[in-house]
Structure formats: structure tokens, C-alpha cells
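The values are calculated or read from the model by the stated rules, or taken from the named source; none is laboratory data. Quick caveat: nothing in here was measured; it's all calculated off a predicted structure. Methodologically, a virtual Cβ is constructed for each residue, glycine included, from the backbone with ideal geometry; neighbour enumeration extends over all protein chains shown.
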Amino acid sequence: MNPAIQTRNLSFAYKDRAVLHAVSLSVKSGEMAGVLGPNGSGKTTLLKILSAVLRGQGEVELNGKNVATYGRRELSRLFAVVQQEARVNFPYTAAEIVLMGRATYHSPLALEGKKDLEIARASMDLTDSLSLWNRYLHELSGGEKQRVMIARALAQEPAILLLDEPSAFLDLKHQVQVFELLRRLNRERGLTIVAALHDLNLAALFFPRLIMLRDGKIYRDGSPSEVLTENTIEEVYGIRVRIEQDPASGKPQLFICPAL
Amino acid sequence: MKVLDRRKMIWVNGVLLALLALSIVGCALLGPVRLDLSQAVQNIFSANPDAEIFFRARLPRVLLGVAIGGGMAACGVVLQALLGNPLACPQMLGVSGGASLGGILGLIFFPHWLPPIAGGLLGEISWVPFAAFLGALLSMMLVYRFSLFHGRLHPYHLLLCGVIFNSFIAAIIMFLNSIVDFYQAQGLLFWLMGSLSSRAYLTVAFIWAYVIFGFLWLWSKGLSLNLITLGEEAAMQLGVETGALQRQVFVASSLMIGAMVSVSGMIGFIGLMIPHVMRLITGSDHRLLLPASFLAGGIFLCWADTLARILLAPAELPVGIITAFFGGPFFLFLLYREGRRKLAL
């Protein structure tokens, strides 16, 4: 079977500033991979290229087909993207936002049908946001908003879910909730998940595969204990840390050692 | 459930349509000369002063007002959606300025209506709306390009660009006005001031054709317009070919603005006010917001123009004064509220 995502020698530059260098990456269907790296290491750019918002040099294949051969509508049934923070300048209710995930399935001239409403409701139920149905998005808290945005992504019924630092603006409880939800979706529904992450400890706890970027190149790719070592962190982030195994989960966890 | 369904579509549009029909008849009856509807519609074909005033003098003007009010409101809706900015409207983006300049160049260089072949019947059809359309389209693309930084549209830049562009255009128009001969200058001024003063049915039908065509085109993009309010990237990821959408919206709304400006000059603020009010009533779903704003804009301009006709009767106010009188304070109120909610600006 073809991998869900495959890139070969993928490079990208904004004008004269190179962001990605020859990234070759393969993500199997049903995998759950976290992309790590400091600010400016190319995480967001990589996700944007995978979701065809940007086009880089080199090959990107989705399910064995070149990404350029897909139309946007077709892509949006394969892929759903959750951005860091949803900004909406107009008053939409949570239900309207989630139903937008169905736009790719019904005629542009039609209203949403019964099936679309059912799927929207089921996705909101899954992300524990059904009670927000009639609330305006701009009135919701960061955590509620993010749950609604994930519900919208699920309403697209995608095979692959891409997330760009989905927990960046959330407090600890909501961060953990989002990660637990992602793990459940991956295990129960076989959803392929690729997420840019900035919290290394949470990433180690929840993501079986981690990809560490440094200056636009893949620096390490493997299980948390392979990727998160004291050496890699010092190399990539330039800070000294101590890493120990969490006795409960067996995953590596970071302890920061500030200069005294 | 607050989601748009067929019932809500039919109800809102039905009520507005009924109000619009009442407004058309009502406004055509109002004026310095009191008319009686039953008198007017009785002997249409015999000499009947009531029918003459109703059908010849007032009805075409009212119908023109409906097309222009509706068109301006619809253009306001789509530009606001496309630019993700609730303060966008044709005036502020410099689009109607561009349309005026295009129209004026058309008046100066192609003052003649279509060549004589089409002459007789189509006597009223001129190059001016087409020139105004080109002006609108060009200025829209210019202002848009200059507000893009690193592929992102900055609302602040956009409004600033639009305002500066409009003043620049105004200067060019003044310049043109001072170099043409006296006779032409009179014609230009008359055209620039703009009003909905009586027009032949043919002109009215011509403008309606432009406006309805543009409106239907935009309405068919309602769903994509919903998605693009979330931002260009999000819209792409939800399946919208955003480049194509932008081009189509620019062309369709320029067609409408060009046609409207070519007959009525610049009637401001409708494109700003009506969409906001309607969003409060119908919600932000463009599949409903767009037709509802069109109908409401029609109703609004219909009554504003009637006010302009009767306030100082028998003298007439330019209708732009009435719309600005409502629109100016409304804009300040919006700016204040948006500023407090830390939205687009």
C-alpha cells in the first residue's frame, strides 16, 4: 500500500530565505506523527506544503498520487487542517462553522442536507462541543474554539488530519484534552495524524513517532526515546536538559536545567 | 437550531420581497403631486395625468433606485467577505472612484452611443457603463495588489490604500474637468453629481440586466464566500479555488458597480450599512445574506430617494446626501464598536 504522505527532496524558500532543505518523509496510513523543532525550523511551512497551500520544489505524493494532480475539492476530502488559532471576523455560530466542513460534499448551490447535519452533530459530539451548537464562535474560549475547529475538520471526513500547534493557546487541561482526543481518533478511527507541536513532553507522551526539524532539515525521526535525548535537545534548541523516563508511561520526559 | 434551512430562506426573502413590492408602489405614489393608485392604473392607455406621472415619471426612477440600492448592498456584502473586513465597501476601496474615472474617460473619448446600426432602438445604450466597469475592475485590482504584503491582506493597508486611491482619482477627475471645454465640463459635472432623475425604461432595463447578472453570479458563489471569510488558507483547505473565486467576485462586482456608477454617480454608504444590518437579522450565511441584502438595499434606496424628492419639494436633494446622512454616523458607530471588539482593524 502506498504511504499516505510521501515527500522526496522537498525544498522551499520564501524569496531568498530558504525554509526547507531536501526533506524526504514518509507517513503511513494510520500513523500518528508529531513534528518538532524550534521556531523557524520549518514546521508550519512543511504542513502548508502538505496541505497544498504552498507549493515547494520536489515531490509530494498523497496516497501515491502527486499532490498537483488533485483539485482543491478532492484534497479537502482527503485532508483536514486545524490551524493554530481560528480567526473569524464575522459572526458565525459553532454549528455554521462545523457545517462548513461539509461544503466539499454538497453542491455549492444547495443547503446542507440531513446527512450533513447528522455528521456535523456527530463530529461535535466526538469533540465534546455539541453543547456549543448555537453559540457564536467569537464568544467561545480558546479551548472551546479549538474543539469546534477540530469538529469541523472531522466533518470533512478526512483520511488525514493536519494540525499546526493545536494546543498553542490552550491551558494545561485543554491541551491534554486535545491530545487525548487526537489519540482516540487515531486509534479508534484509524485517522492519520500529523501535527506540528511545541510542547516536547506532551508530544512524547501522546505521539508514537516524532520528527525533529532543525533549520529546515529532518534532524531525527523515530520513537520518542530515539528523538528526545539530551544531546538532540542541546543541538537543536541550544539548551541543556535532563531527560528521564516517566515510570508510568515509559516515555522520556524533559527537565530543564537553567544556567545558575 | 440556528442553522440556515429552506424555511428560513423562504421566509426572510419572502417578507423582504413583499416589503420591496409595497415600497415600489408606495414610493411611486409619493411626491409633490399626490397620486391615487386606482386612478393611475385605471385608464392607462387614455390620456390620464395620474398614470402619466406614475408610469412615466416616477416608476422608472423608483425601479432604477431599487436596482442600484440592491446592487450596492450586494457588492458590499461580497467585498466584505472577500477581504475579511466588515468595513469594506465600494466607496472605501476606491472602486467607485475608479468607475467614475473610467466613465468620464468614456464620456470624453467615446461620447457617442453605439454606432448607428444599433442606433434607433438601442439609442440609450452607451459605452459609458463599459468604461466604468473597466475603471472599477482596474482600481479594484490595483488597490488589492497594493494591500498585499507577503501574500497577506492587511485590512488597515487596504482601507488606507482605498482612501488614498479615491482622493487621487478625485484629483484626476478635477484635472480632466478643467482641461475639457466648457460644454463638456457641464456634462461631466452633471454626470458626476449623479442622481436617479427620470430615465427611460430602456436605460432602467439595461442597468437591471447588468445588476441582476452580476448578482446571480455572486449569489452562486454564496457557499464559497462563507468559506473565504475564514481566511484564504482555511478556504483552500476546505476546497475553495480561492484565486478563481477572487477573480470572479472582482469581475462580477465591477460589472455591477460600473453600470450603477454610470447612471447614478456615487451614492455612498449603502454597501456598508445594509450588509451590517442584515447580518444581525439573517446571520452571516451568504446564501441568505446576499439576496436579503439585495432586497433590503433596494428598499432602502427606494425610500431614501423618495425622501430626496419630497423633503424640499419642488426642489430636489441629491440622494447621496440622504444616504450619507444615515451612513456617516453609522460608520463611526461601527468603527467604535469594532475597535472595542478588537476585530479587523
Just need a number here: residues in region B:1-39 that are assigned to a helix (DSSP H, G or I), under 30 Å from A:Arg121 (Cβ atoms) and either more than 14 Å from chain A (Cβ to nearest Cβ) or of a type outside the set (D, E, K, R) (or both).
7
Within region A:123-136, which residues are assigned to a helix (DSSP H, G or I) and at pLDDT below 90?
A:Leu126
Quick check on my filter: what residues within region B:221-230 are among the hydrophobic types (A, V, I, L, M, F, W, C), assigned to a helix (DSSP H, G or I) and within 7 Å of chain A (Cβ to nearest Cβ)?
B:Leu223, B:Leu227
Is it the case that some residue within region B:240-249 is out of contact with any His (no Cβ under 6 Å at 6 or more places or on another chain), at the interface with another protein chain (Cβ under 9 Å from one of its Cβ atoms) and either outside any helix (DSSP H, G or I) or not polar (S, T, N, Q) (or both)?
yes
Considering only residues that are facing another protein chain (nearest Cβ under 9 Å) and either buried (at least 17 other Cβ atoms within 10 Å of the Cβ) or at pLDDT 85 or above (or both), which ones fall in region A:78-89?
A:Phe79, A:Ala80, A:Val81, A:Gln83, A:Ala86, A:Val88, A:Asn89
Does region B:309-329 contain any residue that is more than 14 Å from chain A (Cβ to nearest Cβ), assigned to a helix (DSSP H, G or I), among the hydroxyl-bearing types (Ser, Thr, Tyr) and over 27 Å from B:Asn13 (Cα atoms)?
no
So A:Arg147 ticks every box in (1) within 17 Å of the chain's Cα centre (by Cα); (2) under 29 Å from B:Asp5 (Cα atoms); (3) in a loop (DSSP other than H, G, I, E, B) but one. Which box is left unticked?
(3)
Only one of (1) part of a helix (DSSP H, G or I); (2) modelled with pLDDT of 90 or more; (3) within 11 Å of another protein chain (Cβ to nearest Cβ) is not met by B:Glu233, so which one is it?
(2)
Out of (1) at pLDDT 90 or above; (2) in a loop (DSSP other than H, G, I, E, B); (3) under 16 Å from A:Leu137 (Cβ atoms), what's the single condition that is false for A:Val98?
(2)
For region B:260-297: of the residues being within 14 Å of chain A (Cβ to nearest Cβ) and among the hydrophobic types (A, V, I, L, M, F, W, C), which is surrounded by the fewest Cβ atoms within 10 Å (Cβ to Cβ)?
B:Leu280
Elements of type strands (runs of 3 or more DSSP E) contained in region A:7-77, each with 1 or more residues being in contact (Cβ under 8 Å) with a residue 40 or more places away in the chain and within 14 Å of chain B (Cβ to nearest Cβ)
A:17-27, A:57-62
